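Read-outs: derived from the displayed coordinates by stated rules, not from any lab. Everything quoted here is computed from the prediction, not taken from an experiment. When we count neighbours, we look across all protein chains shown, and the Cβ atoms used for this are built from the backbone with ideal geometry, even at glycine.
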Amino acid sequence: MMSEFNNKIVVVTGAAGALGQAVVNHFAAAGAQVAQLDVLEIDNGHYAATCDLLDPKSCEQAVDAIVEKFGVIHVLANIAGGFTMGQAVHETTEDTWDFMMGLNARSVLNMARAVVPVMLKGGTGKVINIGAGAGQAGVAQMGAYSAAKSVVIRLTEAMAGELKAQGINVNCVLPSIIDTERNRQDMPDADFSLWVRPEAMARVVGFLASEAAAPIHGAALPVNGLS
């Protein structure tokens, strides 16, 4: 069965996580060649490389290796991210602030600096970032996380404005709670049926990477499931 992703090169960060693997599986099933990046090693038959997303040089080297192997990059799915809560703003530690900003926002910046020049040379590309509903407004005991995800939304909007005339779409999705094993452990009394399955979120990412989303630039798309 032919797919518009046949022979497309798709880079997925945070590929070792639950959502990352769902995104990898979605694109691979649609015919893409997937390049997985994560600080953890991945061995699942698809191209994978370890990469410290907080280190610009590590991102640059990982992207250079992908380009050397595949020649181009058509899609960048910035799936890597992290969540923590429990501290009021006035109690937020430097470690918490740096961790949230680094994993959620700096990772997007570092990958943009490494990948966008490759896309500009090719004259086309799709970038999909993972924001969060909490990035739209501050939430008590989630100040650092909310701020970091707000940065992701603002970076998405800025990149879209800078790149849309050059054939590159940049958008982000804003999930509420994703139905992962970790979230089930952390919130055992919740109604899991209300949450968004990783596979469903992956389909939304796939849509934003498709030609059907070509007119969409700078969108922050809520994906709330039934919550």
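Worth pointing out:
- MRE, 222 nm, helices only [DSSP H, n ≥ 4, -39500 (n - 2.57), over the chain, to nearest 500]: -12500 deg cm²/dmol
- Positive minus negative residues near residue 14 (Lys, Arg vs Asp, Glu; Cβ under 14 Å): -1
- Fewest-first ranking of 47, 145, using other Cβ atoms within 10 Å as the exposure measure: 47, 145
- Residue (of 82, 102, 196) at the positive-pole extreme of the chain, dipole from beta-carbon charges: 196
- Electrostatic tally near residue 63: other residues with Cβ closer than 15 Å to its Cβ, Lys and Arg +1, Asp and Glu -1, net -2.
- Annotation for residue 212 and residue 184: the two label points, set 7 Å from Cα along the Cα-Cβ direction, are 2.8 nm apart.
- Ranking 212, 166, 185 by Cα position along the charge dipole of segment 102-227, where only Lys, Arg, Asp and Glu carry charges on their C-beta atoms, puts 166 farthest toward the positive end.
- For the chain, averaging the sequence separation of C-alpha pairs within contact (under 8 Å, six or more residues apart) and dividing by the residue count gives a relative contact order of 19 percent.
- Here the residues 94, 60, ranked from fewest to most Cβ neighbours within 10 Å of their Cβ, fall in the order 94, 60.
- Across all Cα pairs in the chain, the calculated P(r) in 5 Å bins from zero up to the longest distance comes to 1, 7, 15, 19, 22, 17, 10, 5, 2, 0, 0, 0 percent per bin.
- At least 24 Å along the helix axis (C-alpha) and Kyte average at least -0.5, DSSP helices within the chain: 143-163
- The simple Förster model, with R0 at 25 Å and r as the Cβ-Cβ distance, assigns residue 69 and residue 166 a FRET efficiency of 0.55.
- Here the chain is assigned +1 on the Cβ of each Lys and Arg and -1 on the Cβ of each Asp and Glu. Its dipole about the Cα centre then comes out at about 720 debye.
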